[in-house]
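What follows is a set of notes on a single structure, which appears directly below.
Each reported figure results from applying straightforward, stated rules to the coordinates on display, with no laboratory input. These numbers were taken from a predicted model, which means no experiment stands behind them. Ideal geometry is used to build each Cβ from the backbone, glycine not excepted, and the neighbour counts take in all protein chains shown.
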2 protein chains.
Amino acid sequence: MTDTAPRPTLEAVAARAGVSRATVSRVVNGGDGVRDILVERVRKAVEELGYVPNQAARSLVTRRHDAIAVVVAEPETRVFADPFFALQLRGISKELTAHDNQLVLLLTEGRDDHARVGRYLAGGHVDGALVFSLHLDDPLPELIQRAGVPTVFGGRPGWSGDRRDVVYVDSDNRGGARDAVRHLAGLGRTRIAHITGALDQTSAVDRLDGYRDVMADADPRLIAEADFTPAGGERAMRELLGRCPDVDAVFAANDLTASGALRVLREAGRRVPDDVAVVGFDDMLPLAEQTDPPLTTVRQDIEEMGRLMARLLLRGLDRGTPREGAGDTRSGVVLPTTLVRRASA
Amino acid sequence: MTDTAPRPTLEAVAARAGVSRATVSRVVNGGDGVRDILVERVRKAVEELGYVPNQAARSLVTRRHDAIAVVVAEPETRVFADPFFALQLRGISKELTAHDNQLVLLLTEGRDDHARVGRYLAGGHVDGALVFSLHLDDPLPELIQRAGVPTVFGGRPGWSGDRRDVVYVDSDNRGGARDAVRHLAGLGRTRIAHITGALDQTSAVDRLDGYRDVMADADPRLIAEADFTPAGGERAMRELLGRCPDVDAVFAANDLTASGALRVLREAGRRVPDDVAVVGFDDMLPLAEQTDPPLTTVRQDIEEMGRLMARLLLRGLDRGTPREGAGDTRSGVVLPTTLVRRASA
């Protein structure tokens with residue numbers, strides 16, 4: 001519990017990974033323009049050394065409870081309906097169990113209950129918190145900061161830059177989206193649509209940005225807003241078919257959305273991929289293999305994200321990294337994505 | 001927090017429900033032979049009066065955390081894969097939220113982690129615990145008793161009778177099973193099989209007992225053991241077709257199991273219900289409506305069970321019912337079941 005070993009530095013990570021300090025900084029801060037192979041090497045070095053970016057883990061409470069709260073900023077109905085959360089929790093659960101820490105999942109009916117979550121976190125019942133699925137206008141980050149518990153976020157937080165000590169784990173949403181859209185363009189598609197996720201979440205914004213990186217001059221009617229759910233994907237696909245009947249490809253913000261879009265395309269008599277090619281995001285199994293046709297998608301390692309969140313938090317706690325002087329930059333570990341080709345595109 | 005209002009008595013419940021004291025006692029203790037309409041009336045009176053059977057809620061801790069732990073005695077993978085738990089948690093979550101209590105779900109990788117759950121419960125982080133899916137040889141009840149937190153169990157605990165203060169909420173598993181098997185017999189079926197649940201759980205044992213109540217002289221080869229999962233249902237159905245090819249009906253211990261059995265029957269070219277009639281248990285939606293053919297099943301109100309567990313616990317806490325002198329009988333509220341007819345039987 002005391003700080004005996006020196007805390008690994010950015011320089012140590014750079015040396016271990018065999019890359020420059022600037023490259024480590026770029027990877028750790030989620031920036032673009034680093035090759036996948038280097039990202040992977042940096043990530044390994046971060047893990048092996050137990051590097052915690054930016055003094056993020058906060059001062060130790062005097063007593064450890066060996067319990068970590070997990071807060072999913074969604075109603076419990078959503079938590080149980082979307083397999084994304086189950087996968088992330090699986091990674092977290094494995095890692096916490098391996099360190100004999102209790103996973104304490106704080107469920108709510110909705111955002112109105114987040115103040116109560118803040119009270120529980122402030123009550124000294126857990127050593128730290130893992131928080132994911134934050135929405136832009138959610139009061140949770142403020143409440144968590146007031147509660148004073150060390151926290152690692154899942155996904156890049158979207159609030160503006162006046163908060164300190166923000167550590168997060170994310171996937172390369174923007175790069176993955178670019179890969180998806182480039183793949184569709186490479187198939188000769190020219191009317192490539194995008195069905196967005198919930199745009200009050202950075203993952204959805206980043207995927208939209210990745211789409212725009214490639215489709216800078218795209219017809220704006222090719223973008224339809226949805227919310228990461230199958231029903232949202234259905235609605236958006238109907239809209240798209242209505243206003244752009246010549247659409248020949250769709251990049252959907254996640255696999256659940258893509259599954260809804262596929263249903264609507266089938267009902268409308270459009271063949272996939274012949275008439276309309278479809279790419280999803282997540283590589284959620286078994287869903288992505290069981291859609292008709294099986295889904296080409298951007299794979300992110302959701303379970304690993306959960307595991308890494310837990311690992312960063314526990315290491316920060318073990319080290320008792322002080323909170324003071326942490327500066328106000330946020331820092332994250334960004335995991336690479338991979339395009340997985342199946343029949344839909 | 002103090003005990004100002006007199007605690008409602010069994011007599012008060014009997015008066016309110018317009019039934020005899022013996023009837024209330026039978027309902028509350030899960031006994032048989034009470035008509036559904038009376039069970040329902042007693043249940044209403046229990047709720048309206050806030051009757052807590054048998055001094056079960058324990059002594060108040062000095063400080064309330066407004067937080068209730070929920071422990072599902074299954075690995076987290078199972079908790080997220082089986083919709084039964086999501087439904088029960090939904091009922092619990094709604095009730096706790098309505099009382100501004102935080103739902104604290106303690107997830108584990110498996111039974112080896114239950115000692116840690118016991119430590120968390122003993123650590124003074126929650127006011128009480130709701131525990132379900134207990135297995136016969138699980139150390140949890142012992143750990144919970146040592147932790148000293150007021151607890152309500154989901155499902156009749158199966159351990160032998162030396163423990164005090166056991167309050168539980170259950171469905172009428174045995175009565176529901178009898179209804180299912182009688183329905184199959186009423187269709188003229190004579191070779192009625194049973195695919196059991198996990199027999200280290202009382203719900204599975206009670207449903208098997210209900211089957212035996214009706215099929216006292218049944219060929220023992222008509223009973224195949226499974227574990228409440230679709231894969232278990234598939235295996236058991238294959239066994240049954242192998243050793244009793246003349247089977248003409250199946251009562252499956254839950255809908256998930258029934259869905260597995262239906263798949264195997266279809267593969268084997270048996271028509272449902274013409275060749276083999278199938279009845280499930282739970283009325284899990286949308287599953288029970290989406291099987292091929294849609295499933296005749298025994299409905300239990302899983303969400304209501306969760307809600308009632310939470311309500312009993314919170315009322316016990318508000319009342320601060322003393323633990324002393326509680327005697328050693330267990331007491332439960334047993335909810336009625338209903339047969340729901342669809343196409344499979």
Relative contact order as a percentage, chain B, C-alpha pairs under 8 Å and 6+ apart, gives 24 percent
Which residues qualify? For residue B:107, with a placed amide H closer than 5 Å and at least 5 residues away or on another chain, they are A:103, A:105
Any lysines whose Cα falls less than 28 Å from that of residue A:44, other than same-chain ones fewer than 8 residues away, would be A:94
Output field shielding_mean for B:106-117 (other chain Cβ, 10 Å radius) holds 4
Once phi for every residue in region A:253-265 is put through the Karplus expression 6.51 cos²θ - 1.76 cosθ + 1.60 (θ = phi - 60°), the whole-Hz ³J(HN,Hα) values, with Gly and Pro written as x, are 5, 7, 5, 4, 4, 4, 5, x, 4, 4, 4, 5, 4
Diffing region A:235-240: the Karplus 3J(HN,Hα) column from phi (6.51, -1.76, 1.60, θ = phi - 60°), in whole Hz with x for Gly and Pro, holds 4, 5, 5, 5, 3, 4
Rounded to a whole number, the mean other protein chain Cβ count within 10 angstrom for residues of A:93-104 is 5
Per the C-alpha gyration tensor (a ≥ b ≥ c, the square roots of its eigenvalues), region A:69-115 is rounded if a/c is under 1.5, else prolate if a/b beats b/c, else oblate; here it's oblate
Amide H proximity to residue B:282 below 5 Å, modelled H, separation 5+ or other chain, gives B:298, B:299, B:300
Check: C-alpha center region A:203-266 vs C-alpha center region B:252-288, spacing in Å is 37 Å
Computed for region B:173-299: size of charge dipole around the Cα centre, +1 on C-beta of each Lys and Arg, -1 on C-beta of each Asp and Glu, debye to nearest 20, value 220 debye
Env charge @ residue A:283, Cβ radius under 13 Å, K,R +1 / D,E -1, value -4
Candidates B:103, B:313, B:187; GNM for chain B (alpha-carbon contacts under 10 Å) flags as most fluctuating B:187
Heads up, region A:187-243 by the C-alpha gyration tensor (a ≥ b ≥ c square roots of eigenvalues; a/c under 1.5 rounded, else a/b over b/c prolate, else oblate) looks oblate
Comparing B:33, B:155, B:176 in a Gaussian network model of chain B (Cα, 10 Å), the one with the largest mean-square fluctuation is B:33
Taking Cα atoms, the helix A:202-214 axis meets the longest principal axis of chain A at an angle in degrees (rounded to 10) of 50 degrees
Partner shielding of A:84-92, taken as the mean number of other chain Cβ atoms within 10 Å, equals 2
Of A:207-220, A:71-84, ordering from highest average Cβ density within 10 Å down gives A:71-84, A:207-220
Under the helix-only model (-39500 (n - 2.57) for each DSSP H run of 4 or more, divided by the residues of chain A), the mean residue ellipticity at 222 nm, to 500 deg cm²/dmol, is -13000 deg cm²/dmol
Percent antiparallel among DSSP beta bridges confined to chain A, nearest 5, equals 10 percent
The ³J(HN,Hα) series, computed from each phi in region B:93-110 with the Karplus coefficients 6.51, -1.76 and 1.60 at θ = phi - 60°, rounded to the nearest Hz and given as x for glycine or proline, is 4, 4, 5, 5, 4, 4, 9, 6, 9, 7, 7, 10, 8, 9, 8, 9, 8, x
Checked the protein assembly as shown with the C-alpha gyration tensor, a ≥ b ≥ c its square-rooted eigenvalues, rounded below a/c of 1.5, otherwise prolate if a/b is larger than b/c and oblate if not; verdict oblate
If one compares the long axis through the Cα atoms of helix A:36-49 with the longest principal axis of the Cα atoms of chain A, the angle in degrees, nearest 10, works out at 20 degrees
With one decimal in nm and the nearest listed first, the spacings from residue B:269 to its own position in the other copies, using label points 7 Å along Cα-to-Cβ, are 3.8
In a Gaussian network model of chain A with springs linking alpha carbons closer than 10 Å, the residue among A:180, A:22, A:310 that fluctuates most is A:22
For residue A:223, the residues 5 or more places away or on another chain with a placed amide H closer than 5 Å to its own amide H are A:194
Percent antiparallel among DSSP beta bridges confined to the protein assembly as shown, nearest 5, equals 15 percent
To the nearest 20 debye, the protein assembly as shown has a Cα-centred charge dipole, built from +1 on Lys and Arg Cβ and -1 on Asp and Glu Cβ, of 580 debye
Distances in nm between the label point of residue A:21 (7 Å along Cα→Cβ) and its equivalents in the other copies, shortest first, are 8.4
Taking Cα atoms only, helix B:302-319 is inclined relative to the longest principal axis of chain B by an angle, in degrees rounded to 10, of 10 degrees
Per the charge dipole of chain B (beta-carbon charges, Lys/Arg positive, Asp/Glu negative, Cα centre), the residue among B:65, B:272, B:345 reaching farthest to the positive end is B:65
With +1 on the Cβ of every Lys and Arg and -1 on the Cβ of every Asp and Glu, the dipole magnitude of chain A about its Cα centre, in debye rounded to the nearest 20, is 660 debye
